[in-house]
1. Between Lys131 and Ala167, how high is the FRET efficiency from 1/(1 + (r/R0)^6) when r is the Cβ-Cβ distance and R₀ = 30 Å? Nearest 0.05.
2. To the nearest 0.05, how large is the calculated FRET efficiency for Glu18 and Arg46 if R₀ is 30 Å and r is the Cβ-Cβ distance?
3. Relative to the Cα centre, what is the charge dipole magnitude of the chain, using +1 at the beta carbon of each Lys and Arg, -1 at the beta carbon of each Asp and Glu, and rounding to the nearest 20 debye?
4. Give, as ranges by residue number, the residues of segment 46-73 whose backbone N falls under 14 Å from the point 7 Å along Cα→Cβ of Val184.
5. Evaluate E = 1/(1 + (r/R0)^6) for Val139 and Val62, where r is the Cβ-Cβ distance and R0 equals 35 Å; express this FRET efficiency to the nearest 0.05.
6. What 222 nm value per residue comes from the helices of the chain, counting each DSSP H run with n ≥ 4 as -39,500 (n - 2.57) and dividing by all residues, nearest 500 deg cm²/dmol?
7. Starting at the first residue of segment 120-131, write each ³J(HN,Hα) from the Karplus equation 6.51 cos²θ - 1.76 cosθ + 1.60 with θ = phi - 60°, in whole Hz, x for Gly and Pro.
8. Rounded if a/c is under 1.5, else prolate if a/b is larger than b/c, else oblate: which is segment 35-205, with a ≥ b ≥ c the root eigenvalues of its Cα gyration tensor?
Amino acid sequence: MSSFYEKLLANNRDWVAESLKTDPEFFGKLTKKSPPLFWIGCADARVPANEIIGAQPGEVFVHRNIANMVVHTDMNMLSVLDYAVNTLKVEHIIICGHYGCGGVKVAMSDQRLGLIDNWIKHIRDVARFHKLELSELKVETERYDRFVELNVHEQVRNLGNTSIIQAAWKNNQKVSIYGWAYTVENGLVKDLDITLSSNDDFKKVFCLD
């Protein structure tokens, strides 16, 4: 075994010991917890859901993929969403993008990486939808950051449009969706002011009849 791998096992034992020292019932309580929040975030290792919001184990149900995408043909994401909404009955869903996202950066370029290009295509669609606004931003870093925000905006829209969320709202189930962008450099999140709690909100925010 490598020293790195052995260190991981040692870290686990230390974490268990420290958790029990703080609260002898720590793990017993975990078996009874039901998270109030579902988090859809980027797979980037610099964006850990629990730590960002100061949440404890058992408080956040998490799904992560490259560039925090909500793709209507992604059965993995849809299955997790269905479980979160219909079994766990979460009342809050956060879609959190982050500035400096590698997936978004690749989508801004003509770079081709192989298999991942099929996933990146969904992000490039966001750029196509907002081509005019992005083209008006001449400073690359500003365009990059705005693309991150617009991507979150589109994923909130995609999520609100899923049959799972639509059915929950139709049945008057309390589920709210929020769009955030996280800054790796300072650890702060930006609320993008995209909050949906009903189909009326959905239609109003996205100007639908």
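None of the figures in this text is laboratory data; all of them are computed from the coordinates on show. In this text, all values refer to a predicted model and were calculated from it rather than measured experimentally. Quick reminder, even Gly has a Cβ in these numbers, built from the backbone with ideal geometry, and neighbours come from all protein chains shown.
1. Taking R0 as 30 Å, the efficiency between Lys131 and Ala167 is 0.35.
2. Taking R0 as 30 Å, the efficiency between Glu18 and Arg46 is 0.80.
3. Using Cβ point charges on Lys, Arg, Asp and Glu, the chain gives about 340 debye.
4. Label zone hits: 46-48, 66-68.
5. 0.55
6. Value at 222 nm, helices only: -13500 deg cm²/dmol.
7. 4, 4, 5, 6, 4, 4, 4, 4, 5, 4, 10, 4
8. Working: a/c = 1.63, a/b = 1.44, b/c = 1.13.
In terms of gyration-tensor shape, prolate.
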